[in-house]
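Below is one structure, written out as structure tokens, with a few remarks after it.
The values are calculated or read from the model by the stated rules, or taken from the named source; none is laboratory data. Quick caveat: nothing in here was measured; it's all calculated off a predicted structure. Note that we place each Cβ from the backbone using ideal geometry, even for glycine, and neighbour counts take in every protein chain shown.
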Amino acid sequence: MCGITGKIFFDKARKVDPTVLKNMSDTIRHRGPDDEGFYIDDNVGLGFRRLSIIDLVTGHQPLANEDETIWIVFNGEIYNYKELQENLIRQGHIFRTKSDTETIVHLYEQYGTDCLQYLRGMFGFAIWDGRKKRLFCARDRFGIKPLYYYVDNEKLVFGSEIKTILKAGNIDRALSYDALDSYMAYGYITSDLSIYKNIKKLQPAHYLLFSFDGKPSLDIKRYWEIQFEPDFSKTENEWTEELEACLSETVRLHMISDVPLGAFLSGGIDSSSVVAMMARNSSRPIKTFSIGFKEQKFNELKYAREIAAKYHCEHHEQIVEPESVSLLPKLVNAYDEPYADSSAIPTYYVSKMARENVTVALSGDGGDELFAGYNSYASYKRVNSSPLNFKSPFFNKLIWGNIHKMIPQRARGKNMSYYLSQDPRYVNAGPTFWRRKDRERYMLNNHPPIDYANASELFKERILKKGSKNDFITNLQYLDLQTYMVDDVLTKVDRASMLNSLEVRVPLLDHKFAELSFRIPSNLKFKDKERKYIFKRSMRPYLPESILTHPKQGFGVPISLWFKDNLKSYVNDTFNSNDCLLYHYLDKKFVRRTVSNNEKSGSARWDLSEKIWALLFFNEWLNQNK
């Protein structure tokens, strides 16, 4: 795993400053503490930081083809690179290293941008093609690895993180209020937006082509799309056997490494399944890492211990305390922009603990999206039976509960994606923060009008309508795969792990395994009110019944308790300060009322702690970016 960066001036007579390029690269040293490298050819500069995983001796980057007309900087892992190398050698390509990076260079030589169709892995890379005078950048299918870019009238800059772009010099730092609106709606920033108006994310399964042989031109295209095509011809037993075999194979591929390797183990079904398959494919004990809390409601350590004992793992644990909130400034610096998922705290600590023992860890992320595992799916599935929508929570509960069952089937809506997109509860899904009317009311009027046609609600609505040919549960999966998973879950893990120079691999999001899951009918994923039905059945020979049946907890943090006890004064001191920068953007009374209402609330239903964490994070981000 590595960090990449680059800068290209449109004026061919303008040279890239090596000092600037090194400063850009140094800002992401945590992504690659083992080595650095640079390629500069007048107006083109590529920078690289390396975390050595595969081919420890000859895997230095930037790396070129035989005649050094094509150069690459690459962040990620290609799990089928050996097979690809063999095919390329048969076609006459000459390899100077044993790295997966060089495989991409020769694939590009052979197939151009179609090389992406052959890659099985996670990646963010940039290729400079000196013959065609163009830059080719790409991001993996699910967005496991990040890639940002910036374009103005004189240059293009790219990097693994926003901070490296900001070091490029003469970067417009105007805030994106569409991005801020997205943050206030969901707790993360959606789509191709970043907190800076002119810094964009290259979205998953997209590539960027930039050419300035003549007039500069930028072209961004999607190279892969999720295709839910259910196959009803197979039996449950056949799906179970195929899932088991495919998961074993993808986990085996994800275990390729020249350095020590382990796994995150939460005690949930997904991470437990990954550990079980690792044990199946290894002759050595698996190193596992778990985080817990003193507050038992949030603690799953007993389940992690059960799996670790079953597979004779070398198990490591750590308890996270309320004082961990002191990590906030470090997290803000790592994420580069407002990010409100408080589970970044335990993710940081489990990554730190793992890095003290291994360089690579496998995680179970992606299982809930692929197999309909979120608790919310049960609630939203009731929408499938009724087109009626009411804004009143009371009527929502009443209508979505039982009364709708009396409506004749012929009178019910056919396009459930449309109704879902109109339901304010799911349009604001993920962590539910502030509704549009609240954001319009409490965001101060010292910014340009937000273009709601391209902002939060309609972004998700467009995704739902695009997937409307599918059934209801599939549309929920499609939405989560395109939004919450990439912009919250995968972002969280990437930044927290790379802050500790740890590579995290995600075998459930191997696209071959994911494509298999897309062919399984949704009624086998959510069957008789049981979520992840077919996945659980396929893993039943490997997991104890307690793992398969205990209620889903997620990776929650007890900040709801911390903010009312240990951290109460910390919260009040922050928001009672007259120097609080948050009040340049949000109404002071609104913020303080949020804190006060949370202290008064006595039930989880009115818990506002996640909103308070979102405000704390944004305020600290403002302090660091004055």
Every residue in segment 493-522 that is surrounded by 19 or more Cβ atoms within 10 Å (Cβ to Cβ) and among the basic types (Lys, Arg), please. 495, 505
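The rows are residues; the columns are (1) outside the structural domain of residue 289 (by TED's automatic domain parsing); (2) surrounded by 14 or more Cβ atoms within 10 Å (Cβ to Cβ).
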residue: 524; (1), (2): no, yes
residue: 529; (1), (2): no, no
residue: 543; (1), (2): no, yes
residue: 568; (1), (2): yes, yes
residue: 578; (1), (2): yes, no
residue: 586; (1), (2): yes, yes
residue: 594; (1), (2): yes, yes
Look at segment 468-503 and say how many of its residues are part of a loop (DSSP other than H, G, I, E, B) and either of a type in the set (A, V, I, L, M) or closer than 17 Å to residue 338 by Cβ (or both). 3
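Condition test on residue 77, is it within 30 Å of residue 493 (Cα to Cα), outside the structural domain of residue 351 (by TED's automatic domain parsing) and in contact with an Asp or Glu (Cβ under 7 Å, 6 or more places away or on another chain)? Let's see the steps before the verdict.
Numbers: within 30 Å of residue 493 (Cα to Cα): yes; outside the structural domain of residue 351 (by TED's automatic domain parsing): yes; in contact with an Asp or Glu (Cβ under 7 Å, 6 or more places away or on another chain): yes.
Taking the combined requirement at face value, the residue satisfies it.
Mind listing whichever residues of segment 252-274 are without any contact (Cβ under 8 Å) to a residue 60 or more places away in the chain and over 21 Å from the mean Cα position of the chain (by Cα)? Walk me through it before giving the result.
Taking segment 252-274 first, the residues without any contact (Cβ under 8 Å) to a residue 60 or more places away in the chain are 252, 265.
Matches in segment 252-274: 252 only.
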When the residues of segment 300-329 are narrowed to those that are basic (Lys, Arg) and at pLDDT 95 or above, which ends up surrounded by the fewest Cβ atoms within 10 Å (Cβ to Cβ)? 310
Out of 173, 141, which single residue is more than 16 Å from the chain's Cα centre (by Cα), part of a loop (DSSP other than H, G, I, E, B) and of a type in the set (D, E, K, R)? 173
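Say whether the condition of being touching a Lys or Arg at 6+ places or on another chain (Cβ under 8 Å) and closer than 23 Å to residue 508 by Cβ is met by at least one residue in segment 277-287. Don't jump to the end; show me each part of the working.
Step one: of segment 277-287, the residues touching a Lys or Arg at 6+ places or on another chain (Cβ under 8 Å) are 277, 281.
Remaining after also requiring closer than 23 Å to residue 508 by Cβ: 277, 281.
So far as segment 277-287 goes, yes, one or more of its residues are touching a Lys or Arg at 6+ places or on another chain (Cβ under 8 Å) and closer than 23 Å to residue 508 by Cβ.
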Do you know which of the residues in segment 342-361 that are outside any helix (DSSP H, G or I) and hydroxyl-bearing (Ser, Thr, Tyr) is nearest to residue 560 (Cα to Cα)? 342
Any residue in segment 246-260 that is of a type in the set (Gly, Ala, Ser) and within 29 Å of residue 517 (Cβ to Cβ)? yes
Considering only residues of segment 283-299 that are within 24 Å of the chain's Cα centre (by Cα) and polar (S, T, N, Q), which is modelled with the lowest pLDDT? 299
Looking at 104, 144, can you tell me which residue is free of Cβ contacts under 8 Å to residues at least 40 places away in the same chain and not basic (Lys, Arg)? 104
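Of the residues in segment 168-198, how many are over 28 Å from residue 586 (Cα atoms) and surrounded by 21 or more Cβ atoms within 10 Å (Cβ to Cβ)?
Taking segment 168-198 first, the residues over 28 Å from residue 586 (Cα atoms) are 168-170.
If we keep only those that are surrounded by 21 or more Cβ atoms within 10 Å (Cβ to Cβ) too, we end up with 168.
Count: 1.
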Enumeration of residues in segment 17-63 that are at pLDDT 90 or above and among the β-branched types (Val, Ile, Thr): 19, 20, 27, 28, 40, 44
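Just wondering, is there one or more residues in segment 130-151 that are under 21 Å from residue 492 (Cα atoms), of a type outside the set (S, T, N, Q), surrounded by fewer than 23 Cβ atoms within 10 Å (Cβ to Cβ) and not assigned by TED's automatic domain parsing to the domain that holds residue 503? It would help to see each step written out before you state the result.
First pass over segment 130-151, keeping only residues under 21 Å from residue 492 (Cα atoms): 138-149.
When the remaining residues are screened for being of a type outside the set (S, T, N, Q), the result is 138-149.
Applying the additional criterion that residues be surrounded by fewer than 23 Cβ atoms within 10 Å (Cβ to Cβ) yields none.
Within segment 130-151, none of the residues are under 21 Å from residue 492 (Cα atoms), of a type outside the set (S, T, N, Q), surrounded by fewer than 23 Cβ atoms within 10 Å (Cβ to Cβ) and not assigned by TED's automatic domain parsing to the domain that holds residue 503.
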